[in-house]
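Asker: Please find one structure pasted underneath; my questions will follow.
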Amino acid sequence: MQQNPEEILENSIKAFKLTTKHHGNYTSLERALFLGWYCNLKNPCKFCYMATQKNKIKDPLKARRRLETILAEAILMKRMGWKLEFISGGYGYTSKEINDIVEMVAYVQKSKQYLNVGLVDFDSLNLDVIEGVVGAVEIVNEELHDYICPDKPVGKIKDMLLRAKDLGLKTGITIILGLGEKEEDIEKLLNLIEELELDRITFYSLNPQKGTIFENKPSVTTLEYMNWVSSVRLNFPKIKIITGTWVDKLTNIGPLIMSGSNTITKFPLFSMFGRKEGKTVEKEILSTGRELFGTFSDVDALMGKKKLKNSPYKDEEIEISRENLERVNDLQEEINKKIEFYVKKTLSKIIKETH
Ligand code: SF4
């Protein structure tokens, strides 16, 4: 069935109004916190950048980010008023490793976290520092899913998300558009959201990676993207919708907000902050009449010289193990150095652009 563009625009207007009614007049920025560049799935997902790197990585442990880097980024995200969309890594972390990282990130941010790290062993996690769990479904068409993500069976992801709900956690899924899905598949997604009673959904548009079967393939169009987003919004007024974009698609931000998105994600943050691209993101958001949580250009906020008034963060009580508390304290100097490094790097790029 061919999509009807006029209908998509009409639905989007309804979806936008519904979003204002249930979520207010704000749009926020978020970003996933990545743990590393290695995934140990035997048959990796066919669109994945990490899969193309796998053979080049001799020692998977070296492909992990250092703890001080992860924590420094988490602290900077809070300064800028960007929530962490989730803590994310390829498959291959032990439950203890995941628990240690999520505890420390929650502690430095004074904020509970979402996890997107494959199948989670809840018994080994400090659930008090976790807000929710995300399942990387990626594509709802079963045949395509089995072909593209052979080692991520949807059944197991569903079981995990249902268990998370039972434990009182929020749940979400990720969907990538541009993998070959059809308009008819929207119905499947709506059924899945209903079955799992999801609190949120993240859409990404495929960013075709070199060395994958999607290299040189066009991605989803803005109208197609709007169709998926507005369909979810119209059927689930209260769900949080996060939409991913990319540097070459910044002008789809306005249309995505107009079709029901609450939050924009997926940016190479430090190379865009305060520069033309970061300001374009802010302009796109403000052009919809929405106000913006957080900043993509306020250098004083980045440097920690001022606290943002429009931050989505509310400090929460976070209790973590004595061992992890000591680790954070021992790392403090290294974390501060890393923060300084990120800030300097960002500032020098801004200066270069203006000269
Ligand atoms: S699970 Fe994630 S990291 Fe691993 S191959 Fe699939 S998309 Fe890539």
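Asker: Can you spot a residue in the stretch 246-256 that is in contact with a strand residue (DSSP E or B) (Cβ under 7 Å, 6 or more places away or on another chain), free of Cβ contacts under 8 Å to residues at least 40 places away in the same chain and open to solvent by less than 50 Å² (accessible area, probe 1.4 Å)?
Answerer: yes
Asker: Look through the stretch 18-61, keep the residues that are touching a helix residue (DSSP H, G or I) at 6+ places or on another chain (Cβ under 8 Å) and farther than 23 Å from ASN116 by Cα, and return whichever of them is least open to solvent (accessible area, probe 1.4 Å).
Answerer: THR19
Asker: Any idea how many residues of the stretch 206-227 are touching a helix residue (DSSP H, G or I) at 6+ places or on another chain (Cβ under 6 Å) and either free of Cβ contacts under 8 Å to residues at least 60 places away in the same chain or in a helix (DSSP H, G or I) (or both)?
Answerer: 4
Asker: Shifting gears a bit: Find the residue count for the stretch 140-151, including only residues that are within 11 Å of the ligand (Cβ to nearest atom), in a loop (DSSP other than H, G, I, E, B) and hydrophobic (A, V, I, L, M, F, W, C).
Answerer: 1
Asker: Please pick out the residue among VAL120, VAL137, VAL154 that is without any contact (Cβ under 8 Å) to a residue 24 or more places away in the chain, within 16 Å of the ligand (Cβ to nearest atom) and either open to solvent by less than 40 Å² (accessible area, probe 1.4 Å) or of a type in the set (A, V, I, L, M, F, W, C) (or both).
Answerer: So the residue among VAL120, VAL137, VAL154 that is without any contact (Cβ under 8 Å) to a residue 24 or more places away in the chain, within 16 Å of the ligand (Cβ to nearest atom) and either open to solvent by less than 40 Å² (accessible area, probe 1.4 Å) or of a type in the set (A, V, I, L, M, F, W, C) (or both) is VAL154.
Each row is one residue, and each column tells you yes or no for (1) among the small types (Gly, Ala, Ser); (2) closer than 27 Å to ASP128 by Cα.
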position	(1), (2)
GLY244	yes, no
LYS249	no, no
ASN252	no, no
ARG275	no, no
LEU286	no, no
ASN310	no, yes
VAL343	no, no
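The values are calculated or read from the model by the stated rules, or taken from the named source; none is laboratory data. None of the values given here were measured: they were computed from a predicted structure. A quick note on method: Cβ atoms are made from the backbone with ideal geometry, for glycine too, and the neighbour counts reach across all protein chains shown. Only protein heavy atoms, including side chains, enter the accessible area calculation; ligands, DNA and RNA are left aside. Shrake-Rupley method; radii C 1.70, N 1.55, O 1.52, S 1.80 Å.
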